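Scroll down for the structure; my scribbles are underneath it.
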Amino acid sequence: MAMIEKINVLKSKTENNDSRNLCEEAISTMNSALYENVPEDARIELEKAVIEKLFENLSKIEDQETQEWLDNSKRNWAVQNLGVREAINSLFIEETKENASLLQVLEYFKAQLTVVPEVLLYESFISSLQSFNYFPRVGGAIQAIKDRVDNYEADVSISKIMETMKRTRSHYLVPLIDDLVQNYLDNKNMQTKSSLKEGLIKYSYDPFVRDLINLVTADATDLQLEYANAQCDIEKVYSPVLYLGENEAVFGVRGSYYVKKGNTLSKLNRDNVSRLDPEFTKVCEAINNPNVVIDGKK
């Protein structure tokens, strides 16, 4: 239902008729499934298919309101669906069914998914699968989850803390900060970030809240996008850009590489950097050589 509410937000905000029609179609499909006693597994798979189709169709619409909503919603959807359920479904095949130990692991985590969100399960799921990575599909599933977590590291960490708080003595704080946190995750900008930090500071006696404050403070500041010292100097940096897909690109600054997906900026870890096109990284290294100076177009 949460996703239906988000789709309704776009439907009410956008003035693009195509976007509205796509939203109405998606909402109608999900509502019809929810109101008809569909088994939980089937409902989740249907919802996933509907949302992915909606994302694909909306990506073709040239409307700023639509694209901003799409960037934020795809990021939120990815954090909620890190790939655990997808991996379990893909591994229930004849090859793995012959392995009783692997089948037991898959059955256990399938049951866990009914009560525990993926953000709290993915680490133990990966750990449990490691001894079975001689199956190519298992190795691929593990890597897919790791890649998604790396791409949305800050959001995953924030969501993990919130879900953990619900299961601890700090649960009473969740209703007090949940809206602020979700508002920030839904629409990352300086205003929502400032509002969240102001809302959290009054509960900073709690260790989970302190961790949230640290995460929010560090989020998207790797390139010094905000400064504690108002007297700082701002310097232009230059980099080649490697486009990975629609609204997604990689660039490098002084030996570090970043991926910009919509309005989200994330730093690539060493493993992801090693998989970049070597020609691209060579050009980045050349430009970042201290002997190279770029002034305008020269």
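Data table
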quantity	calculated
Matching residues in the range 272-284 - criterion: being touching a residue at least 12 places away in the same chain (Cβ under 8 Å) and out of contact with any Gly (no Cβ under 6 Å at 6 or more places or on another chain)	Asn272, Val273, Leu276, Asp277, Phe280, Thr281, Val283
Odd one out for Leu106 among (1) under 23 Å from Lys166 (Cβ atoms); (2) crowded, with 16+ Cβ neighbours inside 10 Å	(1)
Unmet criterion (only one of (1) under 21 Å from the mean Cα position of the chain (by Cα); (2) of a type outside the set (D, E, K, R); (3) at pLDDT 90 or above; (4) farther than 23 Å from Leu268 by Cα) for Ala49	(3)
Test: Ile126 is within 18 Å of the chain's Cα centre (by Cα) and in the same structural domain as Asn99 (by TED's automatic domain parsing)	yes
Output for the range 117-127, where each listed residue is touching an Asp or Glu at 6+ places or on another chain (Cβ under 7 Å) and either exposed (fewer than 14 other Cβ atoms within 10 Å of the Cβ) or more than 24 Å from Ile44 (Cβ to Cβ) (or both)	none
Selection status of Val105, under 26 Å from Ser159 (Cβ atoms), of a type outside the set (Ser, Thr, Tyr), free of Cβ contacts under 8 Å to residues at least 60 places away in the same chain and assigned to a loop (DSSP other than H, G, I, E, B)	no
Gln130 being loosely packed, with under 14 Cβ neighbours inside 10 Å and assigned to a helix (DSSP H, G or I)	yes
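The values are calculated or read from the model by the stated rules, or taken from the named source; none is laboratory data. Small disclaimer: the values here were computed from a predicted structure and weren't measured. Please note: Cβ atoms are built from the backbone with ideal geometry, for glycine as well, and neighbour counts cover all protein chains shown.
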